[in-house]
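Shown next, in structure tokens, is the structure this report addresses.
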Amino acid sequence: MARKKTVVDEKKSTIIYDLRELRRRYIAGERNFSGFDLKNFDLSDCFLVDINLSGANLEDASLGGANLINSNLSHANLERVWLNSALLIKANLSNANLRNAKLVNVDLTGADLTGADLTGADLTGAVLIDTNLTDANLTDIKTTEQTICHQVTMPDGRIQNDLNRTLSAE
């Protein structure tokens, strides 16, 4: 059942009714969905390259398999979001709330997570190559031997160059 979502955007209509409306606007060339309330939206497998979702509320949303290459998710609320197998290559996730997010097998190559809160996030099998975690909160994150880390800027500023080495909050 589609739920009406009210959003604030000075240039376009301020209402997103459902995924079809979001896709229609994206296909029409709109990329700025900054500050939109997309809580609980199912955006799984969507192609949303270059989208601006900065400051958007995506709490409990499903974005598994989504293509979010070069997207702006800075300051977005992604708490408990499901991003399994999503492509977040060169995405801006600075200062995003990713508490308890599912990031299993997500590709974060070249992503900026400066200041992001990843408390309790599941990064099992994630790819972090040239990823910036400066000042990020990694408390209680879950990683495995399949989590790939190479040239990762850690919260303390040091560079981690070891492949298949799990991250730690220390």
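The values are calculated or read from the model by the stated rules, or taken from the named source; none is laboratory data. Just so it is clear, the model here is predicted, and its values are computed rather than measured. Here Cβ is always computed from backbone atoms with ideal geometry, including for glycine, and neighbour counts include all displayed protein chains. These accessible areas exclude ligands, DNA and RNA; they are computed on the full protein's heavy atoms, side chains included. Shrake-Rupley method; radii C 1.70, N 1.55, O 1.52, S 1.80 Å.
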| task | Scan (1) modelled with pLDDT of 95 or more; (2) surrounded by fewer than 16 Cβ atoms within 10 Å (Cβ to Cβ); (3) outside any loop (DSSP other than H, G, I, E, B) for the single condition residue 26 breaks and write down its number. | result | (2)
| field | Answer from 98, 103, 83 - the residue that is surrounded by 18 or more Cβ atoms within 10 Å (Cβ to Cβ), modelled with pLDDT of 95 or more and out of contact with any Asp or Glu (no Cβ under 9 Å at 6 or more places or on another chain) | value | 83
| request: Collect the residues in the stretch 122-131 that are under 20 Å from residue 67 (Cβ atoms) and either open to solvent by less than 40 Å² (accessible area, probe 1.4 Å) or of a type in the set (Asp, Glu) (or both), keeping them in residue-number order. | output: 123, 125, 126, 127, 128, 130, 131
| Given (1) out of contact with any helix residue (DSSP H, G or I) (no Cβ under 8 Å at 6 or more places or on another chain); (2) more than 17 Å from residue 116 (Cβ to Cβ), number of the condition residue 51 does not satisfy | (1)
| Of the residues 116, 126, 76, 101, which single one is in contact (Cβ under 8 Å) with a residue 12 or more places away in the chain and closer than 21 Å to residue 22 by Cα? | 76
| field | Only one of 144, 114, 134, 139 that is open to solvent by 30 Å² or more (accessible area, probe 1.4 Å) and within 16 Å of residue 71 (Cα to Cα) | value | 114
